[in-house]
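Please treat every number below as a calculation from the coordinates, not as lab data. These numbers were taken from a predicted model, which means no experiment stands behind them. Neighbour counts run over all protein chains shown; Cβ positions are idealised from the backbone, glycine included.
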Amino acid sequence: MDFNLTDEQELLIDSIKEFCERNFDEQKIREMYANHGMSDELIQAYLEAGFGLMGIPEEQGGIPCDLVTLGILTEEFAHYSGCITPFLNNTLAMRDLIDFGTPEQIEMGMAAYMETGKPIMSLGFSEPASGSDNMNMSCVTKKQADGTYILNGQKTWVTQGEVFPYVLVIAKDEDNARENREMSMWLVPKEIDGLSTAPLQKIGQQIMPFCEMYFDDVVLTEDMRVGKQGEGFKNLMKNFETERCLIVAQSIGCAQAAMDDAAAYVNERITFGKPIASYQLIQLKLAEMEIALQNSRNMLYKTLWKMDNGQSVRIDSALLKRYACMECTKVASEAMQIYGGLGFTTETRVGRMWSDLRGFQIAGGTDEIMVYIAGRQLAKQYARK
Ligand SMILES: Cc1cc2nc3c(=O)[nH]c(=O)nc-3n(C[C@H](O)[C@H](O)[C@H](O)COP(=O)(O)OP(=O)(O)OC[C@H]3O[C@@H](n4cnc5c(N)ncnc54)[C@H](O)[C@@H]3O)c2cc1C
């Protein structure tokens, strides 16, 4: 086992730190949260620094790298920026498009991405009655005599749904009955007739607003289909494992930033004539926060390493998300506790980190669904032969 970083990874971390010091201070971050977005210049700068190209294939003009390195980028960016930015989501959207899109869709998406640093699409998967329970999906397309398809239904919690010009919609083919497992993905322009949106207010991660989307007799053409007919769900599930791991990388970075602040503060805050660092109850918090961070990080990079080496991470990625997202929220919660009253104000950033982290216990599959995925597999794995 080699836990050392390569020279390139060390350099990457130095350049992330330098980029974040230049572009993210508390004042700027607060403006981003208040404005529900960041400037086009900053998004462009992220791309030009090469970060936005990492994990994108060379033939598309990207900088290919292994998942361990993509994990390091994601973790350290969240750590040094001290907030949850849209950059990971943007990269994941581009990877989905490249994996499943037609050559024409990829060309259009990459051209826009290279120019603006923004992906062309958001991801419309969840519905009011179908978040964890995907089969309960109501969105459905029906083929017409002229070869077009009519899409009806609703999506919700679509991250950046009102920001990007397209949405990748998953809908059942022909019949939205529960038993029908045939679903397809469609790249739907936001301005198309019959599509409307309504904003939703988030309690964290406000740089990336989400929205509801309504599809009322939206006419789709065959060239809008992404991936093979009937394989939409299967395709998307494939990329979920990577997404879950990288969500964890972002969570660890954010929780580490909360730890940095709280562990420094214990030396500065005096109560009863002594720094609070001298109290064992405070030391216990620091020790448990550090254990949570180290365990989460070890699980993360082992899982990413397994993926890089072609090994199955079906169980590992679910266990990782289940464990690490809960633990990272706890780290931020304990950081708030260490700050006392100050932790519950906007004078410190730990409260914002806590509410940002809380969202990751739901997004990308809930804590409970991770147990559902891993638990059944574990029972099979440990069954006596
Ligand atoms: C920050 C954020 C960003 C998001 N971005 C997107 C996006 O871009 N696109 C998109 O399509 N969706 C997005 N979502 C939606 C997200 O994927 C869903 O919220 C999530 O899958 C849970 O679905 P639900 O909200 O319908 O909860 P439900 O499925 O209704 O679950 C409610 C509760 O019941 C539990 N539960 C459900 N089934 C079981 C079971 N079988 N066993 C035990 N417990 C169970 C759940 O864990 C949860 O605690 C986002 C959500 C968040 C919070």
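A few comments on the model shown:
- Relative contact order (percent, whole number), the chain, Cα cutoff 8 Å, 6+ residue spacing: 15 percent
- Length released on extending from GLN283 to ALA34, taking residue separation times 0.36 nm less the Cα-Cα span: 86.1 nm
- Each residue, ASN267 and GLU231, gets one label point 7 Å from its Cα in the Cβ direction; the gap between the two is 5.6 nm.
- Cα coordinate range in the chain, projected on the principal axes (Å, largest first): 82, 59, 41
- Across the range 107-116, coupling constants 3J(HN,Hα) worked out from phi with the 6.51/-1.76/1.60 Karplus curve, θ = phi - 60°, read 4, 5, x, 5, 4, 5, 5, 5, 7, 10 Hz, and Gly and Pro carry x.
- Just so you know, the averaged projected area of the alpha carbon convex hull for the range 1-91 sits at 6.3 nm².
- Each part reduced to its alpha carbon centroid, the range 179-207 and the range 321-385 end up 26 Å apart.
- Taking Lys and Arg as +1 and Asp and Glu as -1, the other residues whose beta-carbon sits under 9 Å from that of ALA255 total 0.
- Cα centroid separation, the range 1-70 to the range 91-130 (Å): 19 Å
- Helical contribution to [θ] at 222 nm, DSSP H n ≥ 4, -39,500 (n - 2.57), averaged over the chain, rounded to 500: -17500 deg cm²/dmol
- Calculated from backbone phi, Karplus (6.51, -1.76, 1.60) coupling profile of the range 231-246 in Hz, x at Gly/Pro: 10, x, 5, 4, 4, 5, 4, 4, 7, 4, 5, 5, 4, 4, 4, 6
- Residues ASP261, ASP2, ASP223, ASP356, arranged from fewest to most other Cβ atoms within 10 angstrom of their Cβ, appear as ASP2, ASP223, ASP261, ASP356.
- Amide hydrogen neighbours beyond the local backbone of MET183, cut-off 5 Å, H modeled: ASP173, GLY230, GLU231, GLY232, PHE233
- At R0 = 51 Å, FRET efficiency that the Cβ-Cβ distance of VAL371 and GLU58 yields, to 0.05: 0.85
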